[in-house]
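Accompanying notes for the structure given below.
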Amino acid sequence: MIRRPPRSTPLYSSAASDVYKRQGFYSDHAKTFKVGDCAQKEIDLLSDTLESLNLAINMCVNGNFVGDIGSSVEKFIVPKGYGLVRNYTGHGIGRSLHEPPQVPNFGVPGTGAKLVPGMTLAIEPMVNIGKDETKLCDDGWTVVTSDGAKSAHFENTVLITDSKPEVLTS
């Protein structure tokens, strides 16, 4: 279900309609869309967050570690001055929507769970123009930045294979 954003909101993210279950397996996917006129810093936020997702996906190879994925996002995003959401993470995904391991968008290379063929991960950078803190709204689902700044979120489900990562969502 995609809810229409308020007209004063130039960026809008929806993940709720992108959770899919087929033959007992889940996939998870999110995109942030430009709505109306956006300032250049908001357009940059979208492209930088998407690029951080692509960098993270490139780290999803047999023999790497969860820390390699998060480190790739952190090393790209933080020097640009963005807030990198730390209290929500990517995750394993399969017969349940959220499975181990957690896949944070920060980390130390060579640490965390080792990636092996057959693993499926939901990789999902969440990046803010302002600080990294977020708050949960009264509806128990909507998350906003604590400082009211704009945020972007992109996510794909990725299969670890013997060779290159296979993106299962688009």
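The values are calculated or read from the model by the stated rules, or taken from the named source; none is laboratory data. Quick caveat: nothing in here was measured; it's all calculated off a predicted structure. All Cβ positions, glycine included, derive from the backbone under ideal geometry; neighbour counts span all protein chains shown. The area values use the complete protein model at the heavy-atom level, side chains included, leaving out ligands, DNA and RNA. Shrake-Rupley method; radii C 1.70, N 1.55, O 1.52, S 1.80 Å.
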Can you tell which of G140, G118, G107 is part of a loop (DSSP other than H, G, I, E, B) and within 18 Å of Y26 (Cβ to Cβ)? G118
Here the qualifying pairs (Cβ atoms under 6 Å; residues six or more apart or on different chains; first in the range 53-67 and open to solvent by 40 Å² or more (accessible area, probe 1.4 Å); second part of a helix (DSSP H, G or I) and aromatic (F, W, Y)) come out as L55/F76
Being among the β-branched types (V, I, T) and part of a loop (DSSP other than H, G, I, E, B) is the filter; apply it to the range 143-170 and report the residue that is nearest to the chain's Cα centre (by Cα). T169
Quickly run through the range 77-96 and pick out the residues that are open to solvent by less than 30 Å² (accessible area, probe 1.4 Å), closer than 15 Å to T157 by Cα and either assigned to a loop (DSSP other than H, G, I, E, B) or out of contact with any helix residue (DSSP H, G or I) (no Cβ under 9 Å at 6 or more places or on another chain) (or both). H91, G92, I93, G94
Could you please find all residues in the range 98-122 being touching a residue at least 40 places away in the same chain (Cβ under 8 Å) and touching a Leu at 6+ places or on another chain (Cβ under 6 Å)? N105, T120
Across the range 16-53, what is the number of residues that are assigned to a loop (DSSP other than H, G, I, E, B) and modelled with pLDDT under 75? 1
Some residue of the range 69-76 being open to solvent by 10 Å² or more (accessible area, probe 1.4 Å), of a type in the set (F, W, Y), under 20 Å from D44 (Cα atoms) and in contact (Cβ under 8 Å) with a residue 40 or more places away in the chain: no
I'm checking my understanding of the structure. Among residues of the range 144-167 that are buried (at least 18 other Cβ atoms within 10 Å of the Cβ) and in contact with a Leu (Cβ under 6 Å, 6 or more places away or on another chain), which one is farthest from I69 (Cα to Cα)? K150
Based on what the data block shows, is S13 farther than 14 Å from T120 by Cα, modelled with pLDDT under 90 and in a strand (DSSP E or B)? yes
Right, E99: open to solvent by less than 30 Å² (accessible area, probe 1.4 Å) and within 20 Å of L159 (Cβ to Cβ) or not? no
